[in-house]
Amino acid sequence: MTKHQFSESAGPFDGQAGAGHGPSGVVDEVDPDSDANSFSRIQIKPVNDEDDTSVMITFNQSVSWFIVVLTFVASISGFMFGYDTGYISSALVSIGTDLDGKELTYGNKEIITAATSLGALISSVVAGTCADIWGRKPCIMFSNIMFVVGAVLQVSAHSFWQMAVGRLIMGFGVGIGSLISPLFIGEIAPKMIRGRLVVINSLCLTGGQLIAYGCGAGLDKVHNGWRILVGLSLIPTCIQFICFCFLPDTPRFYVMQGKLDKAAQVLARSYNNAPDELIQQKIIELNTLNRVIPGKNVAARVVNTIKELHVVPSNFRALVLACAMQGIQQFCGWNSLLYFSGTVFETVGFKNPAAVSIVVAGTNFLFTMVAFFAIDRFGRRIILLIGLPGMCVSLVLCAIAFHFMDIKFVGGGSAEIKETGFTAWGIIIILSIILYAAFYALGIGTVPWQQSELFPQEVRGVGTSYATATNWAGSLVIASCFLTMLQNITPTGTFSFFAGLSFISFLVIYFCYPELSGLELEEVQTILKDGFNIKASQRLAKKRKQQLSDLKNSAHDNELQSYNKAKPSDEIMEK
Ligand SMILES: O[C@H]1[C@H](O)[C@@H](O)[C@H](O)[C@@H](O)[C@H]1O
């Protein structure tokens, strides 16, 4: 491996951190006399500028195994998120009288379920700041400890309160992991496949939910099966902890810390055969763009970061978008539907709700896979703009079918139904829920977790904290209102409400969500500088894709191939 030497106390970077520019600023020539002069002009200009001369150094080398390993190890947090939120529905059924020697009341069940969301909400509020202070990796490792403590408390629980506290502590881990893992992956990922790599975390999440339902169904009749179900969650979290003992943090975090040597080492391992000069230029670029938030001590810097998040227009737009996306994800009702699907399927003739949940969770997983292939190729906007109307239509269908099926919810989650067994309307409900799951997973179930790309480095941790907290707050609100909604405004009213929200969300995304696929993280703030710049973002994303395909095409040319290997012009340049 090439050795990159960046002095942290003396050298070309001294005084550069923090001396950068505002989000809209221009970074002028970094080193006009260097050998690598051809790409030394790093200039970020507003994307609306017709004479766009922005140049971001981008590696054209193939993605290394190192990035793949880092992505999968970080995605274990996604798996934990899915598994821990997924196993509880079957665990609650099989707990029986194992806690305090009596059946759990409906209220007990609600507390046990909500404890994890509450824990996740609390920890996600602070996790972003912690990630900026101590690093992404230590935060993930801390979440592993929370998972272990929470799981051990639950496995050994003989009282309701021990179980609830165990779930709360596990929730702390879930909240941290749900925030940090996509952030970590977003920061190590090459821009052209950043979307996909972050979706791997979502695949692990939805896969975790699916596996939890599968294991739940399998252990349903086993004595103390729920303890095994919880105990199984210890395996992935321990694996993640051990792996992270040997893996580094993200280069962008190291740059924030002024540890440029370390950042260079990670970049060199991330990009196969990347020339030394290119790595150095990239580090210069990241360091130049890295703004250190002023402040006498940590507390003052945190306060200033929060201020910057709100007063800098591009940051505030990013914040609004990230929170809106997470809010939309939750308020379109998916999680309540996931919970509710068991009851619906039971009323229309299925006797095994666990199996039914598997079908819905399986659809969620499958279409997250479709999102994986589509997110960088077609872009975030397209899949959102297909997904939301699809959800809206499925929900309307569901609402109509409920109207004709004549189901009444009478409290305690139980339903009164005129006709039981298979009916045509029942089948339409099932199909529309599956259709809804598919459109949800394709777009809004997946894209909000790309949130870290919206924020510049200096406010990324705090910004994603707000957005993740919005997700967990939304999930708490919807989960606790859903049954009341079914009772008070009927299922038809409830599903029509979600359909209406999906339609409004479609408009919000159509008018406000820019296309960020293929853009460097550092380019996104220029898009959000003076508006949402949808058109400009689409143009830039298209340009970046074109550049990549030009490069790929020219790779067939032998001469260019050897040129690519030998010279630092492996970057993609826009002149
Ligand atoms: O992206 C995920 C995914 O869609 C899960 O299925 C859902 O349970 C979560 O709330 C959501 O954040």
key: Per residue value of the accessible surface for the stretch 57-185 (all protein chains in place, 1.4 Å probe), Å²   = 33
query = Counting only protein heavy atoms, what percent of the accessible surface of the stretch 310-532 is carbon or sulfur at a 1.4 Å probe?
reply = 72
Contour excess over end-to-end distance, with Cα ends at ASP100 and LEU247 and 0.36 nm allotted per residue = 48.6 nm
ask   = Taking the mean number of other Cβ atoms within 10 Å as a proxy for protection, how do you rank 454-464, 119-129, 212-222, 428-438 from highest to lowest?
value = 454-464, 119-129, 428-438, 212-222
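Can you pull a Stokes-Einstein diffusion coefficient for the stretch 63-247 at 4 °C (1.567 mPa s), Rh from Kirkwood over Cα pairs, as a whole number of µm²/s?
Answer, rounded: 79 µm²/s.
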task = Whenever you get a sec, compute what percent of the accessible area on the stretch 214-267 sits on carbon and sulfur atoms (1.4 Å probe).
result = 69
query = Structure shown: which of LYS191/LYS529; LYS351/LYS408; LYS307/LYS529 lie over 22 Å apart, alpha-carbon to alpha-carbon?
reply = none
query = Taking the simple approach of a point 7 Å from Cα along Cα-to-Cβ for both THR484 and LYS307, what is their distance in nm?
reply = 3.9
remark   = Note, VAL292: beta-carbon cut-off 10 Å, +1 each Lys/Arg, -1 each Asp/Glu, net +1
request  = Pairs to check: LYS109/LYS221; LYS259/LYS545; LYS282/LYS535; LYS137/LYS535. Give those whose C-alpha atoms are more than 30 Å from each other in this structure.
outcome  = LYS259/LYS545; LYS137/LYS535
key: Overall dimensions of the stretch 498-545 by Cα: Rg and Dmax, Å   = 12.4, 37
inquiry  = What does the extension gain come out to for ASN553 and ASP220, with contour length at 0.36 nm per residue minus their alpha carbon separation?
reply    = 114.4 nm
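Between ILE122 and ALA299, what's the calculated FRET efficiency when r is the beta-carbon distance and R0 is 22 Å? Round to 0.05.
0.70
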ask   = Per residue, how much accessible area does the stretch 310-532 show when a 1.4 Å probe rolls over the protein heavy atoms, in square angstrom?
value = 34
note = Burial-style ranking of 67-73, 389-395, 505-511, 195-201, average other-beta-carbon count within 10 Å with highest first, yields 195-201, 389-395, 67-73, 505-511
inquiry  = At R0 = 25 Å, how high is the FRET efficiency between GLU346 and VAL477 if r is their beta carbon distance? Nearest 0.05 is fine.
reply    = 0.45
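The values are calculated or read from the model by the stated rules, or taken from the named source; none is laboratory data. Small disclaimer: the values here were computed from a predicted structure and weren't measured. Backbone-built Cβ (ideal geometry, glycine too); neighbour counts: all protein chains shown. We work out accessible area using only protein heavy atoms, side chains counted, and drop any ligands, DNA or RNA first. Shrake-Rupley method; radii C 1.70, N 1.55, O 1.52, S 1.80 Å.
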